[in-house]
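So the structure is just underneath, and the comments pick up after that.
The values are calculated or read from the model by the stated rules, or taken from the named source; none is laboratory data. These numbers were taken from a predicted model, which means no experiment stands behind them. FYI the Cβ positions are ideal-geometry reconstructions off the backbone, even for glycines, and counts take in every protein chain you see. Note: areas computed on protein heavy atoms with side chains; ligands, DNA, RNA excluded. Shrake-Rupley method; radii C 1.70, N 1.55, O 1.52, S 1.80 Å.
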Amino acid sequence: MAADANRILVAYFSHSGTTRRAAERIGTFLKADLLEIATVDRYPQEYSAVVEQAKKEQRSNFRPRLATRIGAIEKYGTLILGFPSWWGTAPMAVFTFLEARDLAGKKILPFCANEGSGLGSSIGDIKRACPRATVLPGLSIRGSGIASSWGAVEAWLRANLKL
Ligand SMILES: Cc1cc2nc3c(=O)[nH]c(=O)nc-3n(C[C@H](O)[C@H](O)[C@H](O)COP(=O)(O)O)c2cc1C
């Protein structure tokens, strides 16, 4: 199926809800569809356990299996891609997602929830994972959430989607 350049999907991975809330608000604002990037094996809720697991997965360049069925992404021309910073880049499940399909010709607009390290190496890592996509400027969402940063999010969407 040919992708429609104007069709937007908000795809996100979230562990504790910050990215999910941002993705939902963006989805409502754009009237876009949402897709949660979920893994078959769920991450522990306990903070130190998930931090340890994430570190190990990053060190071994692991690709967790996804529970999400992603065939539908083919019809979208633009993917807004939300994730938390995990050790300075996206969680490995995001790379499983990006590598699962040829994203040639699609636009990707990444945003990253974090507690201070900003986008880290996520944008370069995303570009390497899908070299045939056009990765637009990323947005860092710092702290506890979308409420205080909505103005910046909306400006970023308007600038990059030419709304
Ligand atoms: C495994 C793990 C690693 C993290 N690594 C970083 C980091 O490197 N830099 C940072 O600023 N925040 C880091 N954080 C904090 C999260 O990025 C931040 O709390 C984010 O808002 C969580 O998004 P979520 O609620 O959608 O999961 C980390 C959190 C976890 C659980």
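Going highest first, how would you order 11-21, 97-107, 81-91 by mean Cβ packing within 10 Å?
Details: 11-21: 20.3, 97-107: 17.2, 81-91: 23.7.
Packing proxy ranking, top to bottom: 81-91, 11-21, 97-107.
So, in nm, how far is label E154 from label S121 when the simple model puts each one 7 Å beyond its Cα toward the Cβ?
3.7 nm
Once a ≥ b ≥ c are taken as the square roots of the eigenvalues of the Cα gyration tensor of the range 82-163, is the result rounded (a/c under 1.5), prolate (a/b larger than b/c) or oblate (a/b not larger than b/c)? Present the calculation step by step, with values, prior to reporting the outcome.
On the way: a/c = 2.39, a/b = 1.25, b/c = 1.91.
It comes out oblate by the Cα gyration axes.
Mean Kyte-Doolittle of at least -1.0 and a Cα length of 15 Å or more along the axis: which whole DSSP H helices of the chain meet both? The partial results should precede the final answer.
Working: long enough: 18-30 (18 Å, -0.37); 47-59 (18 Å, -1.26); 146-161 (21 Å, 0.51).
Helices passing the filter in the chain: 18-30, 146-161.
For R7 and D102 in one chain, what is 0.36 nm times their gap in residues minus the Cα-Cα distance, to one decimal in nm?
On the way: separation 95, 0.36 × 95 = 34.20 nm, distance 1.70 nm.
Stretched out fully, the R7 to D102 stretch lengthens by 32.5 nm.
Any chance you could run the full-extension gain for A147 through Y47? It's 0.36 nm times the residue separation minus the Cα-Cα distance, nm to one decimal.
Numbers: separation 100, 0.36 × 100 = 36.00 nm, distance 2.35 nm.
Taking 0.36 nm per residue and subtracting the Cα distance, the gain is 33.6 nm.
With a ≥ b ≥ c taken as the square roots of the eigenvalues of the C-alpha gyration tensor of the chain, please select rounded if a/c is under 1.5 and otherwise prolate if a/b is larger than b/c or oblate if it is not?
Values: a/c = 1.61, a/b = 1.20, b/c = 1.35.
Since a/c reaches 1.5 but b/c is at least a/b, the shape of the chain is classed as oblate.
Residues of the range 95-130 with the amide nitrogen closer than 14 Å to a label point 7 Å from the Cα of K56, along Cα-to-Cβ, please.
Answer for the range 95-130: none.
Keeping the other protein chains in place, figure out the carbon and sulfur percent of the accessible area of the chain, with a 1.4 Å probe. Numbers along the way, then the final one.
Numbers: 4140 of 8310 Å².
Roughly 50 percent, rounded to a whole number.
Any idea of the accessible area per residue across the range 21-81, 1.4 Å probe, to the nearest Å²?
Working: 3700 Å² over 61 residues.
Ligands and nucleic acids excluded, the result is 61 Å² per residue.
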